[in-house]
Amino acid sequence: MGNPSAMHIITTHKNTDFDALASVIAGTLIYPGAIGVIPKSVNNNVAKFLSTHKTAFNLILPKEVDFESVDRLTVVDTNQWRRLDRMEKLRSHEDLAIALWDHHGNGGDISADWSCQESVGATVTLLVREMRKKEMELNPLISTILLIGLYEDTGHLSYPSTKAEDAAAAAFLLEHGADLNVAAVFLNPPYEELQKDILFTMMQDTEK
């Protein structure tokens, strides 16, 4: 029997984008009982999404983590300790089991016991592969947030880094009810006043 108070957390990089958020959420589904830890600093569009949807997922902030109880750490969408929020104290935990999911390749300083690091367009693609392998059924909300993450990091499957597996993952999510209209709202947020002013200034200063 393991420690009943043991805690498995899944976290990602500061200034969290949608691929990172989607990968954390996917991880909480692949690892039952795991808790997602979202850094305090997130991108503006991610903050807007979380303001209305956070309670639908098993997510907490770093300040809510009981670090003494953490015995498993899963890191997604980064392989560098310095990019994590308040996780430095876990580096000295002797019995900490670390898993890593990342699409940025090697070169980080997180020494994982298990890792899935492949050059695909988005980290969430790797986690969707695992979901497909496990024949998991996803609801439309989950499918939509995972698709948003995939589309953001692949430029709607248009970036040169996009692989065939990214497209296959997108198809799987669409089959499970991912809503492209909702995705468009968060991927193409309307300009705020400051952004409009900056854009207007840039257009004025542009030489033809």
For ARG91, indicate whether it is modelled with pLDDT of 95 or more and either at negative phi or open to solvent by less than 50 Å² (accessible area, probe 1.4 Å) (or both). no
Of ALA169, ALA99, the only residue that is of a type outside the set (Lys, Arg), closer than 17 Å to LEU29 by Cβ and open to solvent by less than 10 Å² (accessible area, probe 1.4 Å) is ALA169
Restricting to segment 50-103, count the residues that are assigned to a helix (DSSP H, G or I) and among the small types (Gly, Ala, Ser). 4
Restrict the check to segment 196-208 and report whether at least one residue is at pLDDT 90 or above, part of a helix (DSSP H, G or I) and either open to solvent by less than 20 Å² (accessible area, probe 1.4 Å) or farther than 26 Å from THR55 by Cβ (or both). no
Given the residues ALA47, ALA20, which is the only one that is part of a helix (DSSP H, G or I) and under 27 Å from SER119 (Cβ atoms)? ALA20
Give the residue that is nearest to ASP102 (Cα to Cα), with candidates limited to residues of segment 38-64 that are in contact with a helix residue (DSSP H, G or I) (Cβ under 9 Å, 6 or more places away or on another chain) and among the hydrophobic types (A, V, I, L, M, F, W, C). ILE38
Would you tally the residues in segment 116-143 being in contact (Cβ under 8 Å) with a residue 12 or more places away in the chain, open to solvent by 10 Å² or more (accessible area, probe 1.4 Å) and not hydrophobic (A, V, I, L, M, F, W, C)? 10
In this structure, does LEU157 turn out to be under 27 Å from HIS53 (Cα atoms), at pLDDT 95 or above, out of contact with any strand residue (DSSP E or B) (no Cβ under 9 Å at 6 or more places or on another chain) and open to solvent by 30 Å² or more (accessible area, probe 1.4 Å)? yes
Inspect all residues belonging to segment 47-59 and state whether any of them is touching a Pro at 6+ places or on another chain (Cβ under 9 Å), modelled with pLDDT of 95 or more and surrounded by fewer than 18 Cβ atoms within 10 Å (Cβ to Cβ). no
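Conditions tested, residue by residue: (1) aliphatic (A, V, I, L, M); (2) under 21 Å from ASP166 (Cβ atoms); (3) touching a His at 6+ places or on another chain (Cβ under 8 Å).
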{"position": "SER92", "(1), (2), (3)": "no, no, no"}
{"position": "ASP113", "(1), (2), (3)": "no, no, no"}
{"position": "GLN117", "(1), (2), (3)": "no, yes, yes"}
{"position": "GLY121", "(1), (2), (3)": "no, yes, yes"}
{"position": "GLU130", "(1), (2), (3)": "no, yes, no"}
Selection from segment 60-84 of residues that are surrounded by 18 or more Cβ atoms within 10 Å (Cβ to Cβ) and β-branched (Val, Ile, Thr): VAL65, VAL70, THR74, VAL75, VAL76, THR78
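The values are calculated or read from the model by the stated rules, or taken from the named source; none is laboratory data. Owing to the predicted nature of the structure, the values given are computational and were not obtained by experimental measurement. Every residue, glycine as well, gets a Cβ built from its backbone with ideal geometry; the counts of neighbours run over all protein chains shown. Heavy atoms of the whole protein, side chains included, go into the accessibility calculation; ligands, DNA and RNA do not. Shrake-Rupley method; radii C 1.70, N 1.55, O 1.52, S 1.80 Å.
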